[in-house]
Amino acid sequence: MLAGPAALHLLLPAPPPPPHHHHHHVAYALPHCAPPPLHASLPRSRRARRRAPGHGVARACAAVAVEEAAGSGPAKFSVRIPVGDREILVETGHIGRQASASVMVTDGETILYCSVCLADTPNDPSDFFPLSVHYQERLSAAGRTSGGFFKREGKAKDHEVLVCRLIDRPLRPTMPKGFYYETQILSWVFSYDGIHSPDCLAITAAGIAVALSEIPNKQTIAGVRVGLINGQFVINPTTEQMENSDLDLMMAGTGSAILMIELARVYGLDQHYERPIGGYCDFLTEEKLLEAVEAGQVAIREICKAIDILVQKCGKKKMVDAIGLPPPELYRHVEDISGDELVKALQIKEKIPRRKALSALEDKVIAILSEQGYVSKDGSSGATENLADIVEDEDEDEVIVDGEVDEGDVHIKPVSRKPPRQLFAEVDVKLVFKEVSSKYLRRRIVEFLGTVHMAKEVLVLSINVSNIRAESEAMDGVLGNFDPLILNVDCFHEHMVVLCSRGEKHREAVSAQSLAVVTLGGYQMAQRIDNLVDTEESKSFYLQYSFPPSCVGEVGRIGAPSRREIGHGMLAERALEPILPPEEDFPYTIRVESTITESNGSSSMASVCGGCLALQDAGVPIKFPVAGIAMGLVLDTQEFGGDGSPLILSDITGAEDASGDMDLKIAGNESGITAFQMDIKVVGITLPVMEQALLQARDGRQHILNEMSKSSPPPSKALSRHAPLIHVMKVKPNKVNLIIGSGGKTIKSIIEETGVDAIDTGDDGTVKITARDLSSLEKSKTIIANLTMVPKVGEIYRNCEIKSIAPYGAFVEIAPGREGLCHISELSSGWLAKAEDAFKVGDRIDVKLIEINDKGQLRLSSRALLPDSDSESNSKQQASGSSKEKATHKDDLIKMTTRRARRKKQSEPSRGENATTKTLEENTASPAVSQGSETAK
């Protein structure tokens, strides 16, 4: 039984109620003054439009109440935070008390638990914060269990991995440098009401837990979902509201800046367009995206204010003393040692030689600073001498000048003191060397940009560590040599193979290379889904991304896909999904595989470009071609001699990504956006910077699309000969059981008999036939059409097989699976005592449908097609006037009736025949019609 929120809270440990005078309530009122607008630099018209009401966000700050239950037991703190048109309840202090921090977040009847734990001792210093996030949606939260063999939750599903990334990406930039305690965030969904989604709650819950813990994070974060319903932005819409939403945007940030944006889905945004069910259409414009981000930022700001109030009341003391940074003088020493060699290494064109040169220089710097000891060029370092020098100079209290004689009258030569040598930890040297290398690269970017920037020109810049390349022209040659190459490989038996290479001008190496393969199949190739939230049983389109270590010239692990591969694959999948045709027009299951064969840039955006070309060449009728581009950022340029304004970089390479402050991936066409993902490495960017990046990316996408149109050879846009044939037909829903048969026997027999690959039936009467050749497809179509046909009285069926014989007639199959009863009186023109006397099972006869009773049973006649049936009938009518013939005819009827009675007593209808004894007795003159067990009811 599923426990509701009230019952779930009752199960949690609670202290006994203290005396009345011990209860006290503390109310904190947030300031009602609105913060300054984020777009002070934007035109008045845009600011007015964005301040217009109807964004679904409460502009006035609501009062937040924090209740503290005092007593002998643990204190329980709770706060209600207004989010959109409702409140979420945050509780802490009463559960998971041994963790560094834990919270329970409730939205409606959806309850999520999140905990944060720190290791007892710090790890070795590293440039990567040791943070791990685990999110799990237990199916018991929705009152069900897994449909597979294993009923216990195990390996994280792809959807859970994506939510883990949504939690990790905004938290990581807020972690301070020098804090090396391993941190683990665990999040579980305890209850799900089917209305309030838990993924956006998980981001906020993790941000609250980190804020309450000892982690010395810089700022509090929160996350929201933004929907667009009837032209109005809605914060954290319900699942019912999302069915009518044109947008599904996940974002996270602090009270003053944005940290992460993920565009999950884009639906039609044209107000004159009626969106079809299950289909996608127009793209999201940059202006709409900025409006959605601003609406979400306002909601995030209010949530962060409420969290800060809770932290002031029950937050733990931050471990500021645990932050350990390298010595400040180490930065100067590394620059002195590396100096010109570092600049020369960064100017090497090829990636692998450049990486080896930097590695050799790093080893040299480490050896000097951690083993040999550093001696400054001027002979003085101002640092304490090492232990060896101290031991050596213990007895040298006095220096004897040349010419002086000691008590032993021994001449002493002057001995100069050894210059002091400094030794540093190897891990500190590695960290500083990486920071210094990044600093050198950022300085070169800023300095070079200042020499080529021209006013009134859109400068799409791509800085490369080996060759600072920037074009003053508006677009010509800016993105380097983007050269998609189409390869049709028939022997692979795939339906399309595209090698998409994106490189720089006048260089042999490429920045990203993706081998995109498209495979078309039937419904059996669809990806099954078993998630807590998703109600779809399968996906007919999916993209799988693979990043082997060989693509960067390294040796690494090969196995299950990493979280990065799952995230990049989903980004490319979302970019391509809106351009696919409706399933009614193209009933194929589409699988796209993107294998990265070379990477020095955005491989996910290369997957978008290669996947789009592969879809076209596979014959998929896409709506529009799309392309993707990765944008970078140098936020603080004043440090390197700039004017302080941010620098936006287009089509960034790997080194620019590692040394930059932002990784923004945008896919779409010149009209709008289909996929959007932003990761920030500093504490947030503002909306004006984001707007500049979006507009610059639009020009870059248009340039890439122009280059894609020049691919050689061009996409064939014809269905591959290796693709299966799929035929979709509609039957009456009540006829589907006839196709399936008892236990699936009929549909299995059709597949075995015709040789088709599969037959899929839907409850709405849709039948999909997947075959490899046209002959088997046509044969299966004929069988299914006969099974589901609607017989009409008067139709004649030739060469029909007798399936079984009963004392009262024979059952004849007029179509596969459709049988009718030909009564013994309708088998021949003469009188028969037994049907076995004239016919046997397997014989074939021609029959005519003469009646369909109320039960849908068919009555057949073979006598109606015999040539002498008419003459016999005429002779009987001419002789009907004589009394003797009438008496004889009456005697025959009495005998026939008597014989029928004897046969009824001797045998009953066989099992599976629908004609009953009562039916035969009621229809002596007009015998009943029966059919097999698989006849339509």
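Each Lys and Arg Cβ is given +1 and each Asp and Glu Cβ -1; about its Cα centre, the range 702-849 then shows a dipole of about 400 debye. Between Thr766 and Glu287, take the C-beta separation as r, use R0 = 35 Å, and let me know the FRET efficiency to the nearest 0.05. Rounded to the nearest 0.05, the efficiency is 0.30. Shape index of the range 706-839: Rg/Rh, with Rg the Cα radius of gyration and Rh the Kirkwood radius from the inverse mean 1/r over Cα pairs, equals 1.22.
Under a point-charge model restricted to the Cβ atoms of Lys and Arg (+1) and Asp and Glu (-1), what is the dipole moment magnitude of the range 203-263 relative to its Cα centre, in debye to the nearest 20?
Values: 2 positive and 6 negative charges, 59 e Å.
The dipole of the range 203-263 has a size of about 280 debye.
Shape analysis of the range 636-701 based on the Cα gyration tensor places the equivalent ellipsoid semi-axes at 22, 13, 11 Å, largest first. Phi angles of the range 799-808 translate, via the Karplus equation with coefficients 6.51, -1.76, 1.60 and θ = phi - 60°, into HN-Hα couplings of 6, 8, 8, 7, 8, 7, 10, 10, x, 9 Hz per residue; Gly and Pro are given as x. For Pro587, what charge total do you get from the other residues with a beta carbon under 15 Å from its beta carbon, if Lys and Arg give +1 and Asp and Glu give -1? Charge balance near Pro587 sits at -1. Here the range 595-660 and the range 178-255 have alpha carbon centers that stand 27 Å from each other. On the beta carbon distance between Lys344 and Gln184, with R0 = 45 Å, the FRET formula returns roughly 0.60. Considering only Ala156, Ser126, Pro170, the residue lying farthest towards the positive end of the dipole of the range 110-173 is Ala156, judged by Cα position with unit charges set on Cβ.
For the set Phe586, Phe190, solvent exposure ranked by accessible area (probe 1.4 Å, protein chains only) runs largest to smallest as Phe190, Phe586. Quick check on my link table: of Lys779/Lys855; Lys155/Lys539; Lys730/Lys792; Lys803/Lys834; Lys768/Lys855, which ones sit more than 23 Å apart, alpha carbon to alpha carbon? Too far apart for the 23 Å limit: Lys779/Lys855; Lys768/Lys855. Cα centroid separation, the range 82-152 to the range 318-370: 39 Å.
Computed from label points 7 Å out along Cα-Cβ, the spacing between Trp831 and Lys316 is 10.3 nm.
Convert 37 °C to kelvin, take the viscosity as 0.692 mPa s, use the Kirkwood radius over C-alpha pairs of the range 546-704 as Rh, and evaluate the Stokes-Einstein diffusion coefficient in µm²/s, rounded to a whole number. Calculated translational D: 194 µm²/s. Positive-end ranking of Gly644, Ile590, Ala723 along the dipole of the range 577-730, with charges on Cβ about the Cα centre, is headed by Ala723.
Database remark: amide H of Thr597 closer than 5 angstrom to the amide H of Gln513, Ser514, Leu515 (H placed geometrically; neighbours at sequence offset of 5 or more, or on other chains; Pro and chain starts carry no H). Within the assembled protein chains, the solvent-accessible surface assigned to Tyr523 is about 90 Å², based on a 1.4 Å probe.
Distances between placed amide hydrogens fall under 5 Å for Thr254 paired with Leu259, all partners being 5 or more residues away or on another chain. These residues, Ser126, Ser514, go from largest to smallest accessible area, 1.4 Å probe, as Ser126, Ser514. What does the charge count near Glu426 come to, summing +1 for each Lys or Arg and -1 for each Asp or Glu among other residues with Cβ under 11 Å from its Cβ? Charge balance in the 11 Å sphere: -4. Note on exposure: Arg818, Arg698 ranked by accessible area (1.4 Å probe, complete protein assembly) read Arg698, Arg818, with the most exposed listed first.
Only the Cβ atoms of Lys and Arg (+1) and of Asp and Glu (-1) were treated as charged; on that basis the dipole of the range 767-821 about its Cα centre amounts to roughly 180 debye.
Surface composition of the range 548-681: carbon plus sulfur atoms hold 50% of the accessible area, using a 1.4 angstrom probe and ignoring ligands, DNA and RNA.
Which entries of Lys305/Lys665; Lys288/Lys665; Lys356/Lys430 show an alpha-carbon separation above 21 angstrom in the structure shown? The partial results should precede the final answer.
Working: Lys305/Lys665 30 Å; Lys288/Lys665 17 Å; Lys356/Lys430 15 Å.
Among Lys305/Lys665; Lys288/Lys665; Lys356/Lys430, the Cα-Cα distance tops 21 Å for Lys305/Lys665.
The values are calculated or read from the model by the stated rules, or taken from the named source; none is laboratory data. Worth saying up front: this structure is predicted, and the values here are computed from it rather than measured. Backbone-built Cβ (ideal geometry, glycine too); neighbour counts: all protein chains shown. What goes into the accessible areas is simple: the full protein's heavy atoms, side chains included, and nothing from ligands, DNA or RNA. Shrake-Rupley method; radii C 1.70, N 1.55, O 1.52, S 1.80 Å.
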